[in-house]
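Only one structure is covered here, and it is reproduced in the block below.
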Amino acid sequence: MADRTMTAPQATIKQNGNPIGLVRNIRLSETMARGSVRGLGTLYESERPALTFNGTWNCDQYLIDLEKSGITGVDNRKVGDYTIYENNKILLETPVDIVISRKEAEAFDENGNVIGTGEEDFAVITDVYLDSMSFDISEGAISGFNQSGVYTKPVILPI
């Protein structure tokens, strides 16, 4: 089972052990900016040292309401006052972690049917910050809610 392709029905996305809303998709992108080292007398690079890391994320969900939709903790809007919201963003912003898990079969009956499942971590996204939020409500469509931002450390695999 370990060599099977990861599919959406196998994925669960959690924060602090709790599933995150009705997620349609999550996308991560990591970029490593590199410098260029050349010596005198040559046009060609001799090294490409890593200079900066940039991780971005984007998560689409079905819109429930503006309080229950989205990744909790990255954007508290239930404050009642613009000044409080601004102060929270400036002085109290705390990054969150997101865990993407994969459902796995753990127990089988005598006929080979799956009778027990578990989860293993597929990817852990640490130090997640929100940069953008949007939602859409359209006639004849299911409403969507989108959040995106950055994370400060690359996704690494356990040893």
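Every number in this text was worked out from the coordinates using simple rules, so none of it is lab data. Quick caveat: nothing in here was measured; it's all calculated off a predicted structure. Virtual Cβ from ideal backbone geometry, glycine too; neighbours counted across all protein chains shown.
Just a few scattered comments:
- Kirkwood hydrodynamic radius (C-alpha pairs) into Stokes-Einstein, the range 40-141, 37 °C and 0.692 mPa s, D in µm²/s: 174
- The range 56-90: trypsin sites (Lys or Arg not before Pro) falling in loop per DSSP and having at most 15 other Cβ within 10 Å: Lys68, Arg77, Lys78
- Per-residue HN-Hα couplings for the range 90-101 [Karplus 6.51, -1.76, 1.60; θ = phi - 60°; Hz; x = Gly/Pro]: 7, 10, 10, 5, 10, x, 10, 10, 10, 10, 9, 10
- When +1 charges are put on Lys and Arg Cβ atoms and -1 charges on Asp and Glu Cβ atoms, the dipole computed for the chain relative to its Cα centre reaches about 480 debye.
- Karplus-derived 3J(HN,Hα), 6.51/-1.76/1.60, for each residue of the range 130-146, Hz, glycine and proline x: 8, 10, 8, 9, 8, 9, 9, 10, 10, 4, x, 9, 7, 5, x, 9, 10
- Phi-based couplings in Hz for the range 64-81 (Karplus 6.51, -1.76, 1.60; Gly and Pro marked x): 9, 7, 6, 8, 8, 7, x, 7, 5, x, 8, 7, 7, 9, 8, 10, x, 8
- Both the radius of gyration and Dmax for the range 1-52 are 20.8, 59 Å, in that order, over alpha-carbon atoms.
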